[in-house]
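Everything below concerns the one structure shown next.
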There are 2 protein chains.
Amino acid sequence: MSEERVLDFWFDFSSPYSYIANTWVDALARRHGRRVRRHAILLGVTFAAAELKSPVSYPLKREYTLRDFARSARYHGLDYQFPEVFPQMTQHAARVFWFLHGTDGPARADDWARRAFGAVFQKGYNLGDLATVEALAVEAGLAAGQATAISADAHWKNRLREACDAAIAVGVFGAPYFVVDGEPFWGNDRQPQLARWLTEGPY
Amino acid sequence: MSEERVLDFWFDFSSPYSYIANTWVDALARRHGRRVRRHAILLGVTFAAAELKSPVSYPLKREYTLRDFARSARYHGLDYQFPEVFPQMTQHAARVFWFLHGTDGPARADDWARRAFGAVFQKGYNLGDLATVEALAVEAGLAAGQATAISADAHWKNRLREACDAAIAVGVFGAPYFVVDGEPFWGNDRQPQLARWLTEGPY
């Protein structure tokens, strides 16, 4: 078969479990001859479509979930800092992701994803602050002012909207969310089940 | 130290992920010199306290969740059947659990838990049907009519209510839910994190 085999990965830059998954998904895919196809989305949009809310919006669940974010990061051997604003607005960073994806290609967008996740969960930054996204974009090689222009551009706004609509059409209701050959896996904690599927095929 | 070390485990007989966890938790605890202390509760009560609903009550999440129940059981090498009624009423079975726990001791209650989970998720029975619980109880060595009497007895009704209240006080908002030396782990999928905690201590 000449068709390239992919592993689809949906995420929001404000999702701690997506940050964790972003660190292991490429190596896992590579071991099984697949390429990760990243989809930056807005969880607020998919939550609304699925009539869901963030786990941290429920008083009793919130305390556990914040603890589990940090413990899960330590379990995976990662630096982790709870950001100054949580959850945070990620549309600026997501539009820059789609800009890089559309103009420079997926590899450049993947690099941006790593930077943006690191900014939030290693440095504690707030991507809802456009100046923060600007500074990060300049570090990533964009011109000064370019991130701001991208985020205000109807084309890239629409590209992000399309990505959210496509995610909803696939059934994405949370993040990280993976699909391999039509089989959906939701959550950083589905890594073992995803790995077995890649190794053995359907079970 | 003479104090026995325990691993607390809360569950509802209607919870597929609790059924799965019930099959591995004793071996895990034993490897680390601990005893499993089981707590049969009603998830409907803890959901209400935490302002949560079952994952299957959300339209888009439901489809994924039903698929994940079955796949998670296969991942753990278990027989699995989606029961005729889901979610189902488990107060009769839970009161029999607490009766056995209070009169014959935890080991007998543990055996009942295994039987009740098997009835639901291997045979597809509905424990909301008191006649089904009766038949199961007779198989487990209770006298005919005894399960019905236990479930109608104010003492065992109250014992179950106390168990739910105690769970809420601990912070239980879903099942399976584990606590080891004060550290909470929610979900069958937290097995690896729980295992590491038992092996290495806090991380």
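The values are calculated or read from the model by the stated rules, or taken from the named source; none is laboratory data. Everything numeric in this text was worked out from a predicted model, so none of it was measured. With ideal geometry, Cβ positions are generated from the backbone for all residues, glycine too; neighbour counts draw on all protein chains shown. Surface accessibility is based on the protein's heavy atoms, side chains included, excluding ligands, DNA and RNA. Shrake-Rupley method; radii C 1.70, N 1.55, O 1.52, S 1.80 Å.
Report, in order of residue number, the helices in chain A meeting two criteria: a C-alpha extent of 15 Å or more along the helix axis, and a mean Kyte-Doolittle hydropathy of at least 0.0; treat each whole DSSP H run as one helix.
Those that pass (Cα extent of 15 Å or more, hydropathy at least 0.0) are A:91-103.
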Item to check | Cα-based radius of gyration of region A:1-65 once divided by 2.2 N^0.38 Å, which approximates compact folds | outcome: 1.41
Item to check | Nonlocal amide H pairs with A:Val36, under 5 Å, H built at 1.01 Å | outcome: A:Leu7
Item to check | Reach of B:Lys61 by Cα under 13 Å, taken over aspartates and glutamates that are not fewer than 8 positions away in the same chain | outcome: A:Glu51
Item to check | Size of the A/B contact, given as accessible area buried on both chains, probe 1.4 Å, in Å² | outcome: 3200
Item to check | At least 30 Å² of accessible area lost relative to the chain alone, listed for region A:171-197 with a 1.4 Å probe | outcome: A:Phe173, A:Glu183, A:Pro184, A:Trp186, A:Asp189, A:Arg190, A:Pro192, A:Gln193, A:Arg196
Checklist outcome for this item: Across all Cα atoms of the protein assembly as shown, Rg and the largest Cα-Cα distance (Dmax), in Å, are 23.5, 80
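Over the protein assembly as shown, what is the percentage of antiparallel beta bridges among all DSSP beta bridges, to the nearest 5?
DSSP beta bridges in the protein assembly as shown are roughly 55 percent antiparallel.
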Checklist outcome for this item: Everything considered on the Cα gyration tensor (a ≥ b ≥ c; rounded for a/c under 1.5, else prolate if a/b is larger than b/c, else oblate), region B:65-142 must be described as prolate
Item to check | Kirkwood hydrodynamic radius over Cα pairs of chain A, then Stokes diffusion coefficient at 4 °C and 1.567 mPa s, in µm²/s | outcome: 75
Item to check | Per-q log10 I(q)/I(0), region B:86-203, q = 0.22 Å⁻¹ (Debye; single scatterer per alpha-carbon; no solvent) | outcome: -1.26
Next on the checklist: Please report the antiparallel percentage of DSSP beta bridges with both residues in chain A, rounded to the nearest 5.
Outcome noted: 55
Checklist entry - Given the options B:Glu134, B:Glu51, B:Glu162, which has the most mean-square fluctuation in a GNM of chain B, springs set between C-alpha atoms less than 10 angstrom apart? => result B:Glu51
Checklist entry - A:Arg108 accessible area, nearest 10 Å², 1.4 Å probe? => result 70
Checklist entry - If you draw the axis that swings chain B onto chain A, which residue of B has its Cβ closest to it, and how far is that in whole Å? => result B:Asp189, 2
Item to check | Whole-number accessible area per residue in Å² for the protein assembly as shown, which is evaluated in the context of all protein chains at 1.4 Å | outcome: 43
Checklist outcome for this item: At R0 = 25 Å the Cβ-Cβ FRET efficiency linking B:Arg67 and A:His32, nearest 0.05, sits at 0.75
Checklist entry - When the accessible area of region B:10-77 is computed with all protein chains present and a 1.4 Å probe, what percentage of it is carbon and sulfur? => result 53
Item to check | Copies compared at A:Asp165 - label distances in nm, ascending, label defined 7 Å from Cα in the Cβ direction | outcome: 5.4
Item to check | Residue among B:Leu78, B:Leu60, B:Leu127 with the largest mean-square fluctuation in a Gaussian network model of chain B, springs linking Cα atoms under 10 Å | outcome: B:Leu60
Item to check | For residues of B:64-75, the mean tally of beta carbons on other chains within 10 Å | outcome: 3
